[in-house]
Every structure is written in C-alpha cells, then in structure tokens.
Amino acid sequence: MKKALISPMEQAQSGYRVAQVEPAENIFAVADPLYWMDCEDDVVADQFWFDSVDGTIKAIPQPVVHTTPIGGAPNVIA
C-alpha cells in the first residue's frame, strides 16, 4: 500500500489535491495542514484528488477528445 500526501490548501475537482504519492516506508514528516493517508497503488499525484466528503481518493476525469474530419482527401487522378 502507498501513502498520498493531501494538500487541503489546494483545490482539485470538488476536494483537495493529491500532491505526492510514496511507498509507505518512504513517507516523511510534513507541516500542517498537509497530511498523509493510505491510498491504492495506482494513485498518481495530480491525476487523483481527495474527496473530503466521503473520504476517498478519486481519479480526475480525463477529457475525451473527439475528432471529426473537416473534409476528405482531395481526389487523386493517376
């Protein structure tokens, strides 16, 4: 299990930023109001956020990019 460093001073989505993620044995002392909490191994800093309402860490949704061709390729006559 890993630990996520939560920064309640920085908003992310509707909660707080996950500022850093470390293996549990690598955590270090941090100043208030920062704090560590357990997280899943797939959590990545700045790609997840902490929901203080339900106490869970959630992925930040990635935008879906839709591409629509503007026009077809020009006809080529050989």
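We did not get these values from a lab; they are worked out from the coordinates using the rules stated. Bear in mind the structure is a predicted one, so any value in this text is a computation, not a measurement. Virtual Cβ from ideal backbone geometry, glycine too; neighbours counted across all protein chains shown.
Among the residues of the stretch 1-18, those identified as more than 22 Å from residue 63 (Cβ to Cβ), surrounded by 14 or more Cβ atoms within 10 Å (Cβ to Cβ) and either without any contact (Cβ under 8 Å) to a residue 40 or more places away in the chain or among the acidic types (Asp, Glu) (or both) are 3, 7. Does residue 25 fit the bill of being charged (D, E, K, R), in contact with a Lys or Arg (Cβ under 6 Å, 6 or more places away or on another chain) and outside any loop (DSSP other than H, G, I, E, B)? It is false that residue 25 is charged (D, E, K, R), in contact with a Lys or Arg (Cβ under 6 Å, 6 or more places away or on another chain) and outside any loop (DSSP other than H, G, I, E, B).
Do we have residue 25 as under 19 Å from residue 54 (Cβ atoms), of a type in the set (D, E, K, R) and free of Cβ contacts under 8 Å to residues at least 40 places away in the same chain here? Taking the combined requirement at face value, the residue does not satisfy it.
Restricting attention to the stretch 43-64, the residues that are in a loop (DSSP other than H, G, I, E, B) and more than 11 Å from residue 4 (Cα to Cα) add up to 10.
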